[in-house]
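Each remark here refers to the structure printed beneath this line.
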Amino acid sequence: MAAGDPHLTSPALGCGESPNTVGYGLHPRSATNMPGEMDRPLISHHLVESNSSLAEVPNQAFKVGILGSGDFARSLATRLVGSRFSVVVGSRHPKRIAGLFPSGAQVTFQEEAVSSPDIIFVAVFREHYPTLCGLSDQLAGKILVDVSNPTEHEHLQHRESNAEYLASLFPTCTVVKAFNVISAWTLQAGPRDGNRQVPICSDQQEAKHKVSELARAMGFTPVDMGSLASAREVEAMPLRLFPGWKVPVLLALGLFVCFYAYNFVRDVLQPYVREGKNKFYKLPVSVVNMTLPCVAYVLLSLVYLPGVLAAALQLQRGTKYRRFPDWLDHWLQHRKQIGLLSFFCAALHALYSFCLPLSRSHRYDLVNLAVKQVLANKSHLWIEEEVWRMEIYLSLGILALGTLSLLAVTSLPSITNSLSWREFSFVQSTLGFVALVLSTLHTLTYGWTRAFEESRYKFYLPPTFTLTLLVPCVVIMAKGLFLLPCFRRRLVQIRRGWERDGALKCALPEDCALAEKCSHV
Ligand code: NAP
């Protein structure tokens with residue numbers, strides 16, 4: 001930090017801290033344009049404290065440097081200029097690219113660009129860092145903001161983060177890792193249209209604070225990630241691709257493939273082999289629509305099965321202080337995603353069913369049935385039992401989907417945050433179980449007496465719905481069992497900390513260490 005910098009030492013800043021701690025030439029709008037909700041973290045690190053006294057502004061704008069003139073540099077310059085900062089861009093070919101930057105930004109050679117600002121963004125790729133070594137003398141004592149993102153390959157290849165590498169090349173500078181999770185597009189469109197959180201880490205508290213204030217002034221929410229040693233973790237953030245969803249999606253896909261193959265064999269292959277009937281037209285709509293409810297139903301039961309297994313394990317062990325096996329712990333953690341996928345499949349099933357009458361095959365089937373009726377001289381077709389079955393079946397399906405939608409909506413973070421713990425557990429646990437029971441009744445009314453008709457066992461394979469009933473029925477029966485006073489009382493006791501005599505004595509030494517980790521029930 002240049003000691004004599006008028007912007008940072010001027011009492012007009014009124015930072016309320018020692019003159020060399022905080023203070024940028026921020027416009028009042030940029031210092032105050034942070035709505036309260038933006039301070040709420042999405043990831044579990046505490047936010048850097050805000051300095052409300054920044055509202056007092058010096059006359060001159062604070063100067064920020066940018067090395068590099070690519071996509072990120074251009075978007076960053078636009079945002080900084082929009083936030084009333086003075087921007088100087090350092091390029092190897094300033095004349096060639098000057099026209100691409102906002103008129104408020106000065107574009108010049110690298111040497112000139114780094115001479116006056118105290119904070120310089122390094123918007124170049126890691127492999128080009130060494131080409132900046134010629135600027136070492138001018139950069140001495142300044143803050144370098146590393147915005148780089150490694151590719152997956154680079155992340156695995158280098159043990160040291162890009163920011164630590166930059167720090168090793170410029171030992172006289174203070175390196176701050178920041179803004180790498182913000183895309184050039186978000187920078188240009190503004191924080192309202194994308195992720196607002198900017199994880200920041202550095203070994204120097206003061207430098208971190210300054211970059212945090214800069215981020216805040218640009219409309220972002222800084223999140224303190226600690227020392228530069230966290231840079232690897234920060235650089236890994238943009239590489240994540242729905243980490244919590246991988247297993248649930250694979251599970252849903254696996255179930256879909258299995259049930260689709262099973263339905264294909266029963267409803268397409270069997271008529272073709274046995275009767276020579278071509279029913280391959282069923283593959284795109286009919287078989288898919290038969291498969292989706294199976295997947296949705298089994299997935300829903302898999303949301304509640306781990307809870308049942310955990311309760312059984314606690315009853316058997318007589319304590320809640322022993323850790324569940326890893327597979328059960330992971331399963332418990334993925335219940336939300338499995339539940340949402342179940343809702344997704346159920347919603348698709350509803351949509352397919354709704355559109356089914358639009359298909360040509362369905363219309364031809366109806367016409368053919370009518371012709372058959374006429375030929376058979378039957379004027380009135382009405383099977384009372386079938387009518388009742390369908391009415392109840394449809395109604396139960398709609399109710400189950402409605403309840404599932406409620407579960408899905410309440411799992412949105414904004415809604416979850418507005419519910420008390422009791423309300424949340426009522427919706428997720430009680431209503432979820434109600435959805436499972438309604439889905440079971442929906443499946444049973446669909447099946448009706450078909451499970452007992454020999455003609456339904458094509459290739460000796462039982463109807464698909466009988467298979468889907470297996471896991472949900474186990475869950476419902478186990479839940480019912482745990483409601484019996486003898487089990488219920490014991491479970492409540494265990495969850496309040498009661499332990500059966502010697503429950504922990506059975507634990508092996510390594511289990512004791514693991515028991516300290518929290519479980520997910
Ligand atoms: P880019 O468009 O390829 O720009 C890279 C810039 O590096 C070039 O314009 C070049 O500017 C400069 N440079 C300096 N020395 C160089 C050399 N020896 N060889 C080649 N170029 C050199 O890349 P970008 O998308 O702006 O990304 C820049 C950095 O920001 C990267 O580290 C990236 O990981 C990070 N980032 C990008 C985004 C994004 O959305 N694009 C988001 C987050 C982070 P001059 O020719 O003017 O010197």
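The values are calculated or read from the model by the stated rules, or taken from the named source; none is laboratory data. A quick note: this is a predicted structure, and the numbers were derived from the prediction, not measured. Please note: Cβ atoms are built from the backbone with ideal geometry, for glycine as well, and neighbour counts cover all protein chains shown. Just so you know, the surface numbers come from the protein's heavy atoms only, side chains and all, with ligands and any DNA or RNA stripped out. Shrake-Rupley method; radii C 1.70, N 1.55, O 1.52, S 1.80 Å.
List of remarks:
- Residue list for the stretch 73-99, filter: over 18 Å from T186 (Cα atoms) and within 11 Å of the ligand (Cβ to nearest atom): V89, G90, S91, R92, H93, P94, K95, R96, I97, A98
- Filter pass, A178 being closer than 22 Å to S230 by Cα, buried (at least 18 other Cβ atoms within 10 Å of the Cβ) and touching a Phe, Trp or Tyr at 6+ places or on another chain (Cβ under 6 Å): no
- Among the residues of the stretch 206-221, the ones that are under 24 Å from the mean Cα position of the chain (by Cα) and either free of Cβ contacts under 8 Å to residues at least 24 places away in the same chain or more than 16 Å from the ligand (Cβ to nearest atom) (or both) come to 2 in all.
- Within the stretch 459-502, the set of residues being in contact with a Ser or Thr (Cβ under 9 Å, 6 or more places away or on another chain) and buried (at least 17 other Cβ atoms within 10 Å of the Cβ) comprises T464, F465, T468, L469, V471, P472, V475, I476, I494.
- Inside the stretch 163-186, residues that are within 14 Å of the ligand (Cβ to nearest atom) and either farther than 15 Å from P222 by Cβ or in a helix (DSSP H, G or I) (or both) make up a count of 9.
- Filter result (within 15 Å of the ligand (Cβ to nearest atom) and either without any contact (Cβ under 8 Å) to a residue 12 or more places away in the chain or among the hydrophobic types (A, V, I, L, M, F, W, C) (or both)) within the stretch 100-111: L100, F101, A105, V107, F109
- The residues of the stretch 316-352 that are assigned to a helix (DSSP H, G or I), exposed (fewer than 15 other Cβ atoms within 10 Å of the Cβ) and either of a type outside the set (F, W, Y) or modelled with pLDDT under 95 (or both), listed by number, are Q316, D326, H330, Q333, L351.
- Test: V147 is within 31 Å of the chain's Cα centre (by Cα) and open to solvent by less than 10 Å² (accessible area, probe 1.4 Å): no
- Scan of the stretch 112-155 for residues that are among the polar types (S, T, N, Q) and either within 11 Å of the ligand (Cβ to nearest atom) or out of contact with any strand residue (DSSP E or B) (no Cβ under 7 Å at 6 or more places or on another chain) (or both), ordered by number: S115, T131, S136, Q138, S148, N149, T151
- Taking the listed residues I143, I119, the one that is under 25 Å from S83 (Cβ atoms) and touching an Asp or Glu at 6+ places or on another chain (Cβ under 9 Å) is I143, with no other qualifying.
- Where R363 falls short, out of the listed (1) within 22 Å of the chain's Cα centre (by Cα); (2) open to solvent by 40 Å² or more (accessible area, probe 1.4 Å): (1)
- The one condition from (1) open to solvent by 10 Å² or more (accessible area, probe 1.4 Å); (2) within 28 Å of the chain's Cα centre (by Cα); (3) within 26 Å of R79 (Cα to Cα) that H155 does not meet is (3).
- Only one entry of D224, D203, D193 meets the criterion of being of a type in the set (D, E), within 22 Å of the chain's Cα centre (by Cα) and modelled with pLDDT of 95 or more, and that entry is D224.
- Which numbered condition E160 fails, given (1) more than 12 Å from R232 (Cα to Cα); (2) away from the ligand (no atom under 14 Å from the Cβ); (3) not in a helix (DSSP H, G or I): (1)
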